[in-house]
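**Q** Provided herewith is a single structure, encoded as structure tokens, for subsequent inquiry.
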Amino acid sequence: MNEVTFGHVIKSVRVSVVAEVCGLTPKAIYKWIERGSLPRTEFTGETEYADKIAKASGGKYSAAQIRRIGKQQLVM
């Protein structure tokens, strides 16, 4: 079974598109990918990036899926 990673979600929508809809730079989005998660502010209700990414995905991913996948931290 292939597990969908946070990086896969972001790259399938395209980093530049995610950056634009979230009002951030592509560099900031690459930092999310490197960490394997959305920023803390997404889980404290300060931001709604998952909703914006879900809309940009055209229905491929829901906001709930993105939050679940984006909450998993990379274990080093």
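**Q** So what is Rg over Rh here for the chain, counting just Cα atoms and using Kirkwood for Rh?
**A** Ratio value, two decimals: 0.92.
**Q** Sticking with this structure for a sec: Per DSSP H run of at least 4 residues, take -39500 (n - 2.57); add these up for the chain, divide by its residues and hand me the 222 nm value, nearest 500 deg cm²/dmol.
**A** -16500 deg cm²/dmol
**Q** Could you tally the net charge around Gly70, taking each other residue with its Cβ under 10 Å from the Cβ of Gly70, Lys/Arg +1 and Asp/Glu -1?
**A** +3
**Q** A further question follows. Taking 8 Å as the Cα distance limit and 6 or more residues as the minimum spacing, I'd like the relative contact order of the chain as a percentage.
**A** 34 percent
**Q** Given Cβ point charges of +1 (Lys, Arg) and -1 (Asp, Glu) and nothing else, what value in debye, to the nearest 20, does the dipole of the chain about its Cα centre take?
**A** 120 debye
Any read-out appearing in this document is the output of simple, stated calculations on the displayed coordinates, not a laboratory observation. Note that the structure is predicted; figures quoted are calculated from it, not measured. Because the Cβ atoms are built from the backbone with ideal geometry, glycine has one as well, and the counts that use them run over all protein chains shown.
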